[in-house]
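The values are calculated or read from the model by the stated rules, or taken from the named source; none is laboratory data. Everything numeric here is computed off the predicted structure, so don't read it as measured data. Glycine gets a Cβ as well: all are built from the backbone with ideal geometry, and neighbour counts include every protein chain shown.
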Amino acid sequence: MQQKRLPLGIERRRYKTKFKTVIMVTSHSKKEKYSTEISNGITAILSDATSKDGGKGEQFRPHELLCAALASCLNITARMVLDRKELKYDDVIVKVDLDRSDENKTKFVYHVDIIGDIDEATKNKVIHMLRGCPVKKTLEKEISVERAE
């Protein structure tokens, strides 16, 4: 099978952990001040700093990308549950905010709205099942940030 051509000259990079090979996300500087192009080797998005911090404030801010990861995973997980249960829905809307008011704790706060002809009890059961969302489970674990050699 031929591998898909990667955009913008980005290489697909992998590193080994004790458990499996992981595809890294790569960020490249853009010409605009503090703008970056972020790629997983298949697709790319842009990020920058707020205008207050010297960027243009036109793209996702880095903290918003953390919220976006959780929001998209919760949305996908909810739709998978709805599909598995063969429940018809029109839309799933997930809103995520990041509360950094406590300097010793990071708290993600989310709200899920399932639009469609589904009773509230069933919607609540589906929302309860989101505890299995992979990104949510990852963020609930102890996290460390380490420099790769």
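For the structure I just gave you, tell me whether Ile114 is buried (at least 17 other Cβ atoms within 10 Å of the Cβ), among the aliphatic types (A, V, I, L, M) and not assigned by TED's automatic domain parsing to the domain that holds Val126.
no
Take segment 52-68 and flag every residue that is assigned to a helix (DSSP H, G or I) and more than 16 Å from Ser27 (Cα to Cα).
If the condition is that a residue be assigned to a helix (DSSP H, G or I) and more than 16 Å from Ser27 (Cα to Cα), then Lys52, Asp53, Cys67, Ala68 are the ones that fit.
Name every residue in segment 91-111 that is over 14 Å from the mean Cα position of the chain (by Cα) and either acidic (Asp, Glu) or not assigned by TED's automatic domain parsing to the domain that holds Lys123 (or both), in order of residue number.
If the condition is that a residue be over 14 Å from the mean Cα position of the chain (by Cα) and either acidic (Asp, Glu) or not assigned by TED's automatic domain parsing to the domain that holds Lys123 (or both), then Asp91, Asp99, Asp102, Glu103 are the ones that fit.
May I ask you to verify whether Cys73 is under 24 Å from Glu140 (Cα atoms), assigned to a helix (DSSP H, G or I) and touching a Pro at 6+ places or on another chain (Cβ under 7 Å)?
Answer is yes for this residue.
Which condition number in (1) surrounded by 11 or more Cβ atoms within 10 Å (Cβ to Cβ); (2) not in a helix (DSSP H, G or I) is the one that Lys88 fails?
(1)
Residue-by-condition table, conditions (1) assigned to a helix (DSSP H, G or I); (2) in contact with a Leu (Cβ under 9 Å, 6 or more places away or on another chain):
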position	(1), (2)
Asp102	no, no
Lys105	no, no
Val109	no, yes
Ile114	no, yes
Val126	yes, yes
Ile143	no, no
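Quick grid of which residues meet (1) among the hydrophobic types (A, V, I, L, M, F, W, C); (2) modelled with pLDDT of 95 or more; (3) surrounded by 17 or more Cβ atoms within 10 Å (Cβ to Cβ):
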residue: Val22; (1), (2), (3): yes, no, no
residue: Asn40; (1), (2), (3): no, no, no
residue: Phe60; (1), (2), (3): yes, yes, no
residue: Glu64; (1), (2), (3): no, yes, no
residue: Leu74; (1), (2), (3): yes, yes, yes
residue: Arg84; (1), (2), (3): no, yes, no
residue: Val94; (1), (2), (3): yes, yes, yes
residue: Leu98; (1), (2), (3): yes, yes, no
residue: Lys105; (1), (2), (3): no, no, no
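Would you say Val96 is over 25 Å from Leu46 (Cβ atoms), free of Cβ contacts under 8 Å to residues at least 40 places away in the same chain, out of contact with any Pro (no Cβ under 8 Å at 6 or more places or on another chain) and assigned to a strand (DSSP E or B)? Full working, then the answer.
Details: over 25 Å from Leu46 (Cβ atoms): no; free of Cβ contacts under 8 Å to residues at least 40 places away in the same chain: yes; out of contact with any Pro (no Cβ under 8 Å at 6 or more places or on another chain): yes; assigned to a strand (DSSP E or B): yes.
Taking the combined requirement at face value, the residue does not satisfy it.
Restricted to segment 119-149, and to residues that are of a type in the set (A, V, I, L, M) and within 15 Å of Met80 (Cβ to Cβ), which residue is farthest from the chain's Cα centre (by Cα)?
Residue satisfying both the conditions and the ranking: Val126.
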